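The values are calculated or read from the model by the stated rules, or taken from the named source; none is laboratory data. Since the model is a prediction, treat every value here as computed from it, not as a measurement. Backbone-built Cβ (ideal geometry, glycine too); neighbour counts: all protein chains shown.
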Amino acid sequence: MAERPVADRPLADRRTIELTVNGRDRSADVFAHHTLLDVLREDLGLTGTKECCLVGECGACTVIVDGRSVDACLVLGVEADGSTITTVEGLANPDGPSPLQLAFLETGAAQCGFCIPGQLVSAHALLGDVPHPTREQVEEGLAGNLCRCAGYEQIIEAVLAAAGSAGRPLGAADLRSTPAMDDRSATPDAGVAPQ
């Protein structure tokens, strides 16, 4: 007997879960087999968390669940019931981008934008645990996030800039400026990483 399409399954196959997402209490009726990624994107409309590999290899769907960074594609939505979740949409300050987000912009770390939400969330989690990381700690903290544009150097620079060198987070004015257009060192090689 063929399984009925998901859309035709009765509501009884669903379970209501309660979450605190980006500081806001939310609820959703979810199928038991839906991932947290499905819940965030489809049920709650938070599309900043990206769907990519669906096997926990790329980090594009990284979110913070109860203080731990996790791949949302590997967590069932029902497992997250009662959890506090931070997505990329929750990183901004009430008055605009966070120092971390500004650092990504100022260093040219945000290229195609597909991996950037996961990179930002992982970096945010790292800076929450280690406010002033070394380069090696940044590399380790972001090891679960892949970048197809190969912007790793700019991403690492952004995290280090956001952490600040004088024990304080840096603002946009403190960050180095984006390379001039004739400086191709920060531009991906189209033969290696086609855009």
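Among what's in the range 156-173 and is modelled with pLDDT under 50 and not in a helix (DSSP H, G or I), pick the residue that is nearest to Ala125 (Cα to Cα).
Pro169
(1) of a type outside the set (Asp, Glu); (2) buried (at least 16 other Cβ atoms within 10 Å of the Cβ); (3) within 19 Å of Cys115 (Cα to Cα); (4) at pLDDT 95 or above: which one isn't true of Cys52, the others all being true?
(4)
Of the residues Gly108, Gly128, Gly118, only one is surrounded by 13 or more Cβ atoms within 10 Å (Cβ to Cβ) and either assigned to a helix (DSSP H, G or I) or modelled with pLDDT of 95 or more (or both); which?
Being surrounded by 13 or more Cβ atoms within 10 Å (Cβ to Cβ) and either assigned to a helix (DSSP H, G or I) or modelled with pLDDT of 95 or more (or both) holds for just one of Gly108, Gly128, Gly118, which is Gly118.
Do we have Val6 as modelled with pLDDT of 95 or more and of a type in the set (A, V, I, L, M) here?
no
Being out of contact with any Ser or Thr (no Cβ under 8 Å at 6 or more places or on another chain), modelled with pLDDT of 95 or more and not in a helix (DSSP H, G or I) is the requirement here; does Thr20 meet it?
no
Tell me the residue from Ala92, Ala72 that is over 23 Å from Gly164 (Cα atoms) and not assigned by TED's automatic domain parsing to the domain that holds Glu153, please.
None of the others qualify; the one that does is Ala72.
Exactly one of these conditions fails for Pro94: (1) farther than 23 Å from His33 by Cβ; (2) surrounded by 17 or more Cβ atoms within 10 Å (Cβ to Cβ); (3) out of contact with any helix residue (DSSP H, G or I) (no Cβ under 8 Å at 6 or more places or on another chain). Give me its number.
(2)
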